[in-house]
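Notes for the one structure printed next.
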Amino acid sequence: MKMKNITTARADISVKCDDVNSYKEGLSIVNELKQQMLIKVKTALGLAHNQIKGSKNVYVTRYNGKLNGYINPTVVDRSIDQIPSVEGCLSYPGEENKVLRYRYIIVEHLTEDGFVQEIFRGKEAIIHQHEIDHLLGIDIFNINGRYYEEEQVLQYIESRSNDPIHNHVK
């Protein structure tokens, strides 16, 4: 399999990704991202599809030595309080920025059995917020020191409310 390059072209990561149409399509992308994580970016904590010039709402994380994939993720709840995080990014090699992240988030994502919700706290929550930002076309330098505003979260959730794949399991 020919491996795609991790992009440093900011235009590739500045556009909001689209949902996949099926679990099978999402799983194929998850497997591609996991291959990238295992072969090319062995120390990375996460990788979003648009970082390898894709356009789908799929990302993988590495936490406690395990790779996990997330398909059509949505942040459905979060803590009120935020914590500062100094973050780097594969799309900006050698650069860092300080951003605020929520202490915990609840992410809804597609699995083989439908949508499930998972809660992530602390460092794991930070990793998920970073990758979900990529899928929304947000990176650590256009985040303006904060996670997306409440209104943006509500607009994103609302934009997905009429999506048949998202609503088949509620």
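Summary of values
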read-out	value
Region 28-77: C-alpha gyration tensor shape, a/c 1.5 cut-off, then a/b vs b/c	oblate
Ranked packing of 57-69, 108-120, most packed first, by mean Cβ within 10 Å	57-69, 108-120
Heavy-atom accessible surface of region 19-110: percent carbon and sulfur, 1.4 Å	50
Estimated distance in nm for a label pair at GLU118 and LYS42, the labels positioned 7 Å out from Cα along Cα-to-Cβ	2.4
Amide H contacts of TYR63 (H built 1.01 Å from N, under 5 Å, at least 5 apart or other chain)	ASN68
Accessible-area ranking of LYS40, LYS24, LYS56, largest first, probe 1.4 Å	LYS24, LYS40, LYS56
Residues with amide H under 5 Å from that of ASP18, placed H, sequence gap 5 or more	LYS56, ASN57
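The values are calculated or read from the model by the stated rules, or taken from the named source; none is laboratory data. Every value quoted in this text rests on a predicted model; they were computed, and no experiment measured them. Note that each Cβ is placed from the backbone with ideal geometry, even for glycine, and that neighbours are counted across all protein chains shown. These area figures cover heavy atoms from the full protein model, side chains too; ligands, DNA and RNA do not enter into them. Shrake-Rupley method; radii C 1.70, N 1.55, O 1.52, S 1.80 Å.
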